[in-house]
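> If you scroll down you'll find the structure; I have some questions about it.
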Amino acid sequence: MTLLEELRWRGLIHDSTDAADLEARLVTGPLVVYCGFDPTGSSLHLGNLVPLLGLRRFQRAGHRPIALAGGATGSIGDPSGRASERQLLDAETLAANVASIKRQLARLLEFDSKASNAARLLDNASWMEGVGFLEFLREVGKHFSVNQMVAKESVRARMQDRETGISYTEFSYMLLQAYDFYHLAEKENCELQIGGADQWGNITAGADLCRKKAGRRVHGLTFPLITNADGTKFGKSTGGGSVWLDPGLTSVYRFYQYFMAVDDRDVVRFLKFFTFLEPGEISALEAAHAADPGRREAHRTLAREVTALVHGAGAAADAERASALLFGGSLEGITEASFREVAAEVPLLRVPRERFGAEGAPLVDLLVESGLCPSKGQARKDIAGGGAYVNNERVADAAAPIPGERLLFGRYLLLRRGKRNYALVDTGV
């Protein structure tokens, strides 16, 4: 398959400028493609992942990607997909956000300067800060009619809301992004801009400016905005917050678990959207999922592949081992950091370290105090019946105390009753 054929197979093309012309251009040789990411926060989120992986797909096909951190456009705020105006950020916050996002972009693209299609990381503040207001109006504004701008969906939707409306600041955002495309076309020979479906108006505005101001023929392509099968917004955690690419905001374990928990109806679609697995591999996983959904082979593959892309193979392996803990998996090889992430998901019992002294702590007492068993009598029955576990190892003797040597990392004890009822004992008090 050609690159565009593969994108169509994956369901990743929402809109494009003349598709036949773009296809013809792509087969003639490498081109420069760019996608912008505004630093409205300190981290990118899952909603940014499709266009970011889009840059990676183009790079893998031999094209040269430019990841644009919008230090200038981010100071304005894109009205696309917004029901209200963004709060303007101060210069210090904006600079910190740009620096943080640059690190995230660098993890997903190949920046090796020796490669002919090495990625570049640019900040539009570097060329916008020197452009004066009158100069911008004369050189850019004159190429746009207000009628044309109002017709764009991102602007029209806001103008129809009489209560909120749209400020002149956000109304002008389209011109700034259009100028980015023009600048990159002139200075970097960029011929293609990609982005989410909500960026179509901004992308076509840039293509128009390149044609009017420089007589250049450029292209645009957008990816669909992802929604879950139940109609909810993709990339939101169970608590409603965003799933971030920064592990300091969304832990690697929670990131992995997000994909483990996707709806069965979404898993194959997401394998196409978020992984680089070949069509044959995805088809095999689809067949396995249809034959036995309970094995969750497709889910595990999806979670492992996406986590490895964003956080690295080692972090993905740690998250997979940690996830297996809550399904009775082995503790062998798990790091303390990964274990603590899992521990945060289960009820906690804090006890003094002295409870695990020379004689050890009675398991019956711990099962009751942790809330896993309602009484000592029930705890003894569970142990006798083979339903009590310490660190995912079955315990058969109710009278045998748990020695301090069993504490994980010298501090923790993972208790389980039955298949899925867990509690954590923490002696670090």
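The values are calculated or read from the model by the stated rules, or taken from the named source; none is laboratory data. Given the structure is predicted, the values throughout are model-derived calculations rather than measurements. A quick note on method: Cβ atoms are made from the backbone with ideal geometry, for glycine too, and the neighbour counts reach across all protein chains shown. Each accessible area value is taken on the protein alone, full model and side chains, heavy atoms only, with ligands, DNA and RNA left out. Shrake-Rupley method; radii C 1.70, N 1.55, O 1.52, S 1.80 Å.
> Might you let me know whether segment 135-143 holds any residue that is part of a helix (DSSP H, G or I), out of contact with any strand residue (DSSP E or B) (no Cβ under 9 Å at 6 or more places or on another chain) and touching a residue at least 60 places away in the same chain (Cβ under 8 Å)?
Taking segment 135-143 as the starting set, the residues that turn out to be part of a helix (DSSP H, G or I) are 135-139, 141-143.
Checking which are out of contact with any strand residue (DSSP E or B) (no Cβ under 9 Å at 6 or more places or on another chain) leaves us with 135-139, 141-143.
Next, only the ones that are touching a residue at least 60 places away in the same chain (Cβ under 8 Å) stay: 139, 143.
Within segment 135-143, one or more residues are part of a helix (DSSP H, G or I), out of contact with any strand residue (DSSP E or B) (no Cβ under 9 Å at 6 or more places or on another chain) and touching a residue at least 60 places away in the same chain (Cβ under 8 Å).
> Within segment 267-287, is even one residue of a type in the set (Asp, Glu), outside any loop (DSSP other than H, G, I, E, B), open to solvent by 60 Å² or more (accessible area, probe 1.4 Å) and more than 25 Å from residue 5 (Cβ to Cβ)? Can you show your working first?
Just the residues of segment 267-287 that are of a type in the set (Asp, Glu), to begin with: 278, 281, 286.
Within this subset, residues satisfying the condition of being outside any loop (DSSP other than H, G, I, E, B) are 281, 286.
Filter again for open to solvent by 60 Å² or more (accessible area, probe 1.4 Å), leaving 281, 286.
Cutting the leftovers down to more than 25 Å from residue 5 (Cβ to Cβ) gives us none.
Looking through segment 267-287, none of the residues is of a type in the set (Asp, Glu), outside any loop (DSSP other than H, G, I, E, B), open to solvent by 60 Å² or more (accessible area, probe 1.4 Å) and more than 25 Å from residue 5 (Cβ to Cβ).
This table checks each residue for (1) under 17 Å from residue 222 (Cα atoms); (2) surrounded by fewer than 22 Cβ atoms within 10 Å (Cβ to Cβ).
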site	(1), (2)
4	yes, yes
9	yes, yes
14	yes, yes
45	no, yes
52	yes, no
69	no, no
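> Here is a further query. Go through segment 52-111 and count every residue that is farther than 13 Å from residue 36 by Cβ, at pLDDT 85 or above and not in a helix (DSSP H, G or I).
7
> So, in segment 226-242, how many residues would count as being without any contact (Cβ under 8 Å) to a residue 40 or more places away in the chain and either buried (at least 21 other Cβ atoms within 10 Å of the Cβ) or closer than 20 Å to residue 36 by Cβ (or both)?
Total satisfying the criteria: 0.
> Of all residues in segment 337-365 being within 30 Å of residue 252 (Cα to Cα) and part of a helix (DSSP H, G or I), which is most open to solvent (accessible area, probe 1.4 Å)? It would help to see each step written out before you state the result.
Taking segment 337-365 first, the residues within 30 Å of residue 252 (Cα to Cα) are 337-353.
The next check asks that each one be part of a helix (DSSP H, G or I); those that pass are 337-343, 353.
On the way: 337: 66, 338: 13, 339: 2, 340: 128, 341: 55, 342: 4, 343: 12, 353: 94 Å².
Top of the filtered list is 340.
> Any residue that is aliphatic (A, V, I, L, M), at pLDDT 95 or above and part of a helix (DSSP H, G or I) - is there at least one of those in segment 218-238? First the steps, then the outcome.
Just the residues of segment 218-238 that are aliphatic (A, V, I, L, M), to begin with: 218, 221, 225-226, 229.
Add one more test, that the residue is at pLDDT 95 or above, and what stays is 218, 221.
Then drop every residue that is not part of a helix (DSSP H, G or I), which leaves none.
No, segment 218-238 contains no residue that is aliphatic (A, V, I, L, M), at pLDDT 95 or above and part of a helix (DSSP H, G or I).
> Select, from 331, 415, 408, 326, the only residue that is open to solvent by less than 70 Å² (accessible area, probe 1.4 Å) and farther than 30 Å from residue 302 by Cβ.
Values: 331 fails: farther than 30 Å from residue 302 by Cβ; 408 fails: farther than 30 Å from residue 302 by Cβ; 326 fails: farther than 30 Å from residue 302 by Cβ.
Exactly one of 331, 415, 408, 326 is open to solvent by less than 70 Å² (accessible area, probe 1.4 Å) and farther than 30 Å from residue 302 by Cβ, namely 415.
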